[in-house]
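Structure first, commentary second.
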Amino acid sequence: MNNINEIEKKWQKYWLDNKSFKAITGDTTRKPYYILVEFPYPSGAGLHVGHVRSYTAQDVLARVKRMQGYNVLFPMGWDAFGAPAEQYAIKNHIHPKEAVKANVKTFKGQMMSLGFSFDWDREFSTTDPDYYKWTQWQFLQFYKHGMAYKAKKDVNWCPTCKSVLSNEDAAGGVCERCGSKVVQREKEQWMLRMSDYAEDLLKGLDDTNFAERVKLGQINWIGKSTGAEIDFTIEETNDKLTVYTTRCDTLYGVTFMVIAPEHPIIEKLKDIITNMDEIREYQKYAKTKSAFERTEVNKDKTGVKLQGITVKNPVSNKDIAVYISDYVMMDYGTGAIMAVPAHDNRDYDFAKKYNLPVVQVVEEITGTPHEAEKQKQSIVAIVYDKKNDKYLTINWGNNGGRLFIGGTRGDNESPIDCAIREIKEETGYTDVEFIREGFLINHHYYAYNKNQYFNIDATPLLFELKSETQTKQNLDEDEKFTVEWVSKKVIDTEIKDELHKKSFEYVNNPTAIAGDGKMINSDFLNGYTNKKDSIKRMLEYLKEHNIGREKVNYRLQDWIFSRQRFWGEPIPMIYCEKCGWQPMDEKDLPLLLPDVAEYEPTDNGESPLAKITDWVNTTCPKCGGPAKRETDTMPNWAGSSWYFLRFMDARNDKEFASMEAMKYWNRVDWYNGGMEHTARHLLYARFWVQFLYNIGLVPKKEMIYTRVSHGMVLGPDNQKMSKSKGNVINPDDVVKEYGADTLRTYEMFMGDYEQDVPWSTDSLRGCKRFLDKVERLKNKLNDKKGYTDSLIVLQNKIIKDIESSLSRMSYNTYISSLMILTNAYDDQEEITKEDYHLLLTLLNPVAPHITEELNEELGYDPLCYEKWPTYDESKLIEEEKEIAVQVNGKVRATITININDSEDVVKEQALDQENVKRFTEGKEIVKVIVIKGKIVNIVVK
RNA sequence: GCCUGUGUGGCGGAAUUGGUAGACGCGCUGGACUCAAAAUCCAGUGUUAGCAAUAACGUGUGGGUUCGAGUCCCACCACAGGCACCA
């Protein structure tokens, strides 16, 4: 069609004028179905082709569901608070609401031009006072139920810009705008008690149908861990220093403790700590770091020992040192840890740096335990020749392969002495230098030469060869091997013995062993062979002696709800010198943002609102005296945490949404959005809903059922689209040149919906060609009634396939099925009106404009009111079918069978094939497998 | 480091419960129509060998289970995304 843009406009106007997609609350004649797509932030850049992908997917679903007879709620709105609009306002000295108005106009126009079937009667923006009135009202409910509180929190602070930065703006530890180093600064902020909901948010996932990876994202973010709290005592003051650990089984291996630099016990003990100056200095040093730097892994560990206090390990009674270090965080667990350097990598690094003792309490187990084992103490000695970069091995040939030097320790013989002796006896080398020793390994094995099972505690040791001085070997009769120097590569491939392999690893990459194993050096735990039992036993012990208890911890923290910005919902709280923080009276809501033209942040990091004294100064709702408004605003996440509820009853001016409307729509049946929102936005929204549920304001604890996240549309160069890379595709240009239907079809055809896919203009043209072909089919129309006989089987099959594709969100195979049907029509001399109408109906959800137009030419009623086609299972059966004949699993021929043929007939036909005979002749036919209607496989020997 | 996902032609990707790997589209090659081009149509297109019939190889790598493996099991490699000193 060459007047494609006109046709599109015609139908867009038709749908709008007729309110074809209006959702009717309370309609009992049809089942409700709520389809939601994340409402966009209307940026100045306009709609992205990525938006088009997820909107089209949901639009297809909405159109199909309507045709299937559902009352579909498919709304759209604007998430318009946020930094970019504020930045734009600062630059151009206009109110951000003006920028939002302009951008919304652009976005809406673009959406209209793409033919999305939104119910525009429910449109709103989070920045509308009618909407944020209710966001503020809900904040007051949080406050009134003790869920909102003020607390001092560290924020990213740029000393040059004098501004608070979000973590994103402070990425890499430097200010995004000016590049100076970001530091931490304490600020009073409003907080929501989201951590109280950690367990409920975890459990609630069972009542959802989120995609598995989405659920995992939630689970990860909540970060539940089960462990123990253990009390350590400061002997001088009897103060308890409590730690949280998931490995209480390693308590005997604790050789020191580490607490966060901001741990409150430091202030409490300041009079007895003898190096407070040093401590203060370190605290200051930790403060100058941004959150990013502090959490950067692989950096050198730093810390300072608290001098002048005594702490003992509560089970071993040994003295242990207490350090402060920034590798321990105040906001997780108790802000203090017990350090087990042998079994925790971070503690290991710290111990190595400050030369602290390492006590092994868990041995890794190798080999398989057996009854009647003999116990031994052993060594594995690895000798390295630095000059030639080779390792000393002994090759037992068929009697055990290649190994390092092993041996049994005598009574009172140290591992080093034993190793030196064994090296000499077995290889004759005497001039070796001890380098290091690794952790003990508990090994089970069977010795062929002694016909005996052994369980050994083996010490791996590394030596360096100093000179080639060699004496005569001193071997037992059964020791038949050759001594060989080999490279690391040979060791990696030829040393198969688990103990020797591990030993090599241990001495060459010394680090903590965090895994499971056998307990040693642990008094009553000695001999336990797995973590689970050891932990259970230790917990019993801790409880008995009143030094510890089981404890569950969550990574999830309270939600920092304050932003020092202008363009957000004002927090409706008032501070009175006399009465403290007071909530605004609900009937005074909304608390409007002032109409001014200055939005620069203040020098001290307060919100721009703080400068607007007219607005700030007010009266206390309790005593009527002078008071000041809160000047921080809410985060961007606030408005998007409940917008899906508002869509259910968007024009309600009495409540945020009526219980009746929410009960009717029930919940969001299907929610699509970006991968980047599967963790935080979804968690905030669920928390918000669960809270409203608990105070009786929404009908369900989980108001979102299915959640799916789409992949990104990348640039043609397979890179993320960005202006700087010059690989941005503008949907307007595509619509203008190829039409909205082509763009929609291509975006559905491009690939797996959940996967990232690069843009290809060539493929887009292919979709245009497909739609042109559909149009050309009208030249093949005849006057016959009903469907063309030869097409009926395929038509039914295609309807079935499409149903399956759509239920799996496999939009690309949905399009592919339509192409197959179109090609089949194209192969016919002529088709009937019914044939054509069926194709147009099936194609309508993805290409609504041209199908409506062609359908109108046929003389039918508009497709948006059409019924979705169903298939007839009985018409799917093909009489004749081609199946493969295999010989030993390889396809050698294909045969055409009748569906009613007996197994014997099929078998005979298969064996009779020329090419099959070639592979069966002179061979014994072991068996013939016939899978009805699928395959024949002949097994020959 | 941990978690998750993905590895299939020149490219995007199909293959529903283990049953003819490469559907569909792009690109490419040849041909028709045309003065020519575009558009359209026809034929071909995993690799290698062969005129062909056909054969060997082929779904990241190495093993395994099975009459039969892209699909199931074990071990590993690469890439992408998320989280990250979480005790």
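Filtered by the rule that a residue be open to solvent by 10 Å² or more (accessible area, probe 1.4 Å), farther than 26 Å from A:Ile729 by Cα and of a type in the set (A, V, I, L, M), region A:68-93 gives a lone residue, A:Ile90. Is there a residue in region A:824-832 that is within 23 Å of A:Lys934 (Cα to Cα) and within 45 Å of the chain's Cα centre (by Cα)? Looking through region A:824-832, none of the residues is within 23 Å of A:Lys934 (Cα to Cα) and within 45 Å of the chain's Cα centre (by Cα). As a summary of the residue check, A:Ile560 satisfies the conditions (1) in contact with a strand residue (DSSP E or B) (Cβ under 8 Å, 6 or more places away or on another chain); (2) closer than 21 Å to A:Arg680 by Cα; (3) of a type in the set (A, V, I, L, M, F, W, C); (4) buried (at least 19 other Cβ atoms within 10 Å of the Cβ) except for the one numbered (4).
If you check A:Ile379 against the conditions, is it surrounded by 15 or more Cβ atoms within 10 Å (Cβ to Cβ) and over 24 Å from A:Lys496 (Cβ atoms)?
Working: surrounded by 15 or more Cβ atoms within 10 Å (Cβ to Cβ): yes; over 24 Å from A:Lys496 (Cβ atoms): no.
Considered against the rule, which asks whether it is surrounded by 15 or more Cβ atoms within 10 Å (Cβ to Cβ) and over 24 Å from A:Lys496 (Cβ atoms), A:Ile379 comes out as no.
Within region A:513-527, residues that are under 13 Å from A:Leu440 (Cβ atoms) have Cβ atoms under 6 Å from residues that are assigned to a strand (DSSP E or B) and polar (S, T, N, Q) in these pairs: A:Lys518/A:Asn442, counting only partners at least 6 apart in sequence or on another chain.
Taking the stated definitions as given, is A:Thr602 modelled with pLDDT of 90 or more and either hydroxyl-bearing (Ser, Thr, Tyr) or crowded, with 17+ Cβ neighbours inside 10 Å (or both)?
no
When residues in region A:774-827 are screened for being touching a Phe, Trp or Tyr at 6+ places or on another chain (Cβ under 9 Å), within 10 Å of RNA strand B (Cβ to nearest atom) and basic (Lys, Arg), 2 of them pass. Just so you know, in region A:830-851 the residues that are surrounded by fewer than 23 Cβ atoms within 10 Å (Cβ to Cβ) and of a type outside the set (A, V, I, L, M, F, W, C) include one that is modelled with the lowest pLDDT, and it is A:Glu830. Give me the residue from region A:328-342 that is buried (at least 23 other Cβ atoms within 10 Å of the Cβ) and of a type outside the set (Gly, Ala, Ser) and, out of that set, farthest from RNA strand B (Cβ to nearest atom). Ranking the qualifying residues of region A:328-342, first place goes to A:Pro341. Remark: pairs (first residue in region A:22-39, hydrophobic (A, V, I, L, M, F, W, C); second residue at pLDDT 95 or above and loosely packed, with under 13 Cβ neighbours inside 10 Å; Cβ separation under 6 Å; 6+ apart in sequence or on different chains) are absent. Tell me whether region A:818-829 contains one or more residues that are touching a helix residue (DSSP H, G or I) at 6+ places or on another chain (Cβ under 8 Å), at positive phi and at pLDDT below 95. Checked against the condition, which is being touching a helix residue (DSSP H, G or I) at 6+ places or on another chain (Cβ under 8 Å), at positive phi and at pLDDT below 95, region A:818-829 yields no hits at all. Could you say whether any residue in region A:729-738 is surrounded by fewer than 21 Cβ atoms within 10 Å (Cβ to Cβ), near RNA strand B (Cβ under 10 Å from one of its atoms), touching a residue at least 40 places away in the same chain (Cβ under 8 Å) and within 28 Å of A:Leu806 (Cα to Cα)? Looking through region A:729-738, none of the residues is surrounded by fewer than 21 Cβ atoms within 10 Å (Cβ to Cβ), near RNA strand B (Cβ under 10 Å from one of its atoms), touching a residue at least 40 places away in the same chain (Cβ under 8 Å) and within 28 Å of A:Leu806 (Cα to Cα). Looking at A:Gly115, is it under 32 Å from the mean Cα position of the chain (by Cα) and of a type in the set (Gly, Ala, Ser)? Taking the combined requirement at face value, the residue does not satisfy it. Among the criteria (1) touching a residue at least 60 places away in the same chain (Cβ under 8 Å); (2) under 29 Å from A:Ile90 (Cβ atoms), the one A:Phe656 does not fulfil is (2). On inspection, A:Leu838 does not qualify as within 12 Å of RNA strand B (Cβ to nearest atom) and not in a loop (DSSP other than H, G, I, E, B). Considering only residues that are among the aliphatic types (A, V, I, L, M) and over 13 Å from A:Glu363 (Cα atoms), look in region A:495-527 and name the one that is surrounded by the fewest Cβ atoms within 10 Å (Cβ to Cβ). Checked region A:495-527; the qualifying residue surrounded by the fewest Cβ atoms within 10 Å (Cβ to Cβ) is A:Ile495. Close Cβ contacts (under 8 Å, 6 or more residues apart or on different chains) running from residues in region A:749-766 that are at negative phi and in a strand (DSSP E or B) to residues that are within 6 Å of RNA strand B (Cβ to nearest atom) and modelled with pLDDT under 90 comprise A:Val757/A:Gly751. All told, A:Asn395 falls short of being of a type outside the set (Val, Ile, Thr) and under 25 Å from A:Met519 (Cβ atoms).
Here's the yes/no breakdown for (1) surrounded by fewer than 22 Cβ atoms within 10 Å (Cβ to Cβ); (2) part of a strand (DSSP E or B); (3) over 31 Å from the mean Cα position of the chain (by Cα); (4) not aliphatic (A, V, I, L, M):
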| site | (1), (2), (3), (4) |
| --- | --- |
| A:Leu216 | yes, no, no, no |
| A:Ile219 | yes, no, no, no |
| A:Gly227 | yes, yes, no, yes |
| A:Ile230 | no, yes, yes, no |
| A:Thr233 | yes, yes, yes, yes |
| A:Glu236 | yes, no, yes, yes |
| A:Thr242 | yes, yes, yes, yes |
| A:Leu251 | no, no, yes, no |
| A:Val258 | no, yes, no, no |
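The residues of region A:5-30 that are more than 14 Å from A:Pro862 (Cα to Cα) and of a type in the set (Ser, Thr, Tyr), listed by number, are A:Thr25, A:Thr28, A:Thr29. Considering only residues in region A:712-728 that are under 20 Å from the mean Cα position of the chain (by Cα) and touching a residue at least 60 places away in the same chain (Cβ under 8 Å), the one that is least open to solvent (accessible area, probe 1.4 Å) turns out to be A:Val713.
Note on region A:41-67: residues that are surrounded by 20 or more Cβ atoms within 10 Å (Cβ to Cβ) and part of a loop (DSSP other than H, G, I, E, B) total 2.
Screening A:Asp827, A:Asp861, A:Asp872 for residues that are surrounded by fewer than 23 Cβ atoms within 10 Å (Cβ to Cβ) and farther than 18 Å from A:Asn796 by Cβ leaves exactly one candidate, A:Asp861.
Selection over region A:871-927 of residues that are over 22 Å from A:Val939 (Cβ atoms) and part of a loop (DSSP other than H, G, I, E, B) gives a count of 8.
The values are calculated or read from the model by the stated rules, or taken from the named source; none is laboratory data. Remember, predicted model here, so these are calculated numbers, not experimental data. Here Cβ is always computed from backbone atoms with ideal geometry, including for glycine, and neighbour counts include all displayed protein chains. Surface accessibility is based on the protein's heavy atoms, side chains included, excluding ligands, DNA and RNA. Shrake-Rupley method; radii C 1.70, N 1.55, O 1.52, S 1.80 Å.
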